1. So residue 160 ticks every box in (1) buried (at least 16 other Cβ atoms within 10 Å of the Cβ); (2) touching a helix residue (DSSP H, G or I) at 6+ places or on another chain (Cβ under 6 Å) but one. Which box is left unticked?
2. Do the conditions hold for residue 297, that is, is it farther than 18 Å from residue 214 by Cα, over 29 Å from the mean Cα position of the chain (by Cα) and loosely packed, with under 14 Cβ neighbours inside 10 Å?
3. So which strands (runs of 3 or more DSSP E) are wholly in the stretch 193-261 and hold at least 1 residues that are free of Cβ contacts under 8 Å to residues at least 60 places away in the same chain, more than 20 Å from the chain's Cα centre (by Cα) and farther than 23 Å from residue 300 by Cα?
4. With respect to the numbered conditions (1) part of a helix (DSSP H, G or I); (2) surrounded by fewer than 16 Cβ atoms within 10 Å (Cβ to Cβ); (3) in contact with a strand residue (DSSP E or B) (Cβ under 8 Å, 6 or more places away or on another chain), which one is the sole condition not fulfilled by residue 89?
5. What's the number of the only condition in (1) surrounded by 22 or more Cβ atoms within 10 Å (Cβ to Cβ); (2) out of contact with any strand residue (DSSP E or B) (no Cβ under 8 Å at 6 or more places or on another chain) that residue 225 fails to meet?
6. Filtering the stretch 109-120 down to residues that are under 14 Å from residue 69 (Cβ atoms) and without any contact (Cβ under 8 Å) to a residue 60 or more places away in the chain, which residue is surrounded by the fewest Cβ atoms within 10 Å (Cβ to Cβ)?
7. Can you report the number of residues in the stretch 238-263 which are out of contact with any strand residue (DSSP E or B) (no Cβ under 8 Å at 6 or more places or on another chain) and closer than 15 Å to residue 216 by Cα?
8. Where residues in the stretch 215-246 are touching a helix residue (DSSP H, G or I) at 6+ places or on another chain (Cβ under 8 Å) and modelled with pLDDT under 85, which of them is nearest to residue 266 (Cα to Cα)?
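The values are calculated or read from the model by the stated rules, or taken from the named source; none is laboratory data. Everything quoted here is computed from the prediction, not taken from an experiment. Cβ atoms come from the backbone with ideal geometry, glycine included; neighbour counts cover every protein chain shown.
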């Protein structure tokens, strides 16, 4: 993680890390190309990249080999925050290519690098020795590189690693400092506080009483297979409650208190984050929505359109501050306990 030293306050300020799209409009293919150039050299020098060219067939983003001849599969994702599928996809690749032996690995190497010699020669150039061809791909290793992840996704990878599968998650970040761009990759999952401003949908279609439960509990909640949306990255962020057909009915600042439990009243598995400085236009006794910020006003205020039914919609810091100011002027403050 990168920090800026602020001389005036004699303290550190974290520099916001960006994905490749937010940094300079790149895409997953760009990320793949950049990493291909440095894996085996500046990054992961213990591996030799030997292929990345795709055909119509199922292929991983990058293939590499370690000094034992084992196949190393890289799966790259621009974002990856709520994407447990990135783990399953990488595991699927590991199973799919587990049959490869030296002949298949060399064939892929020569397809990707037609002007180079055999894979074995490149192997010797990189590691300084040769291994018997029968030693290649006796094991597979999976490396997933994305911009971010969630606790649910981390649990998936840790589960499979506990069963003996060699799998690791790494996280990349771009930084813009004094007109220059910097790149970082590490296995540390770090979230800057107040960096994930958003609104959470109150799930009115499936759980009609959820919005009132959120208001009473001064919290934002998600349910079922959407629970991973909420996590520690929301601490100190602006979190709005969006009610379909109405608009924003409440807002608060995320806290470090996240709970996961079975909500008996709603009969649903819930993950929720407590909100401080909570404001709402809902009567917590009757459930009446007295004041709100309608969708039309939100689009007018932020000068862009939204797909409002989404479970989560992210907002920039400026958008969140504008929306919060409007909520303070239009919603009724609920007294804090």
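1. Every condition holds for residue 160 apart from (2).
2. The answer is no for residue 297.
3. 219-223
4. With (1) part of a helix (DSSP H, G or I); (2) surrounded by fewer than 16 Cβ atoms within 10 Å (Cβ to Cβ); (3) in contact with a strand residue (DSSP E or B) (Cβ under 8 Å, 6 or more places away or on another chain) applied to residue 89, the lone miss is (2).
5. (1)
6. Going through the qualifying residues, I end up with 118.
7. 0
8. Ranking the candidates gives 227 first.
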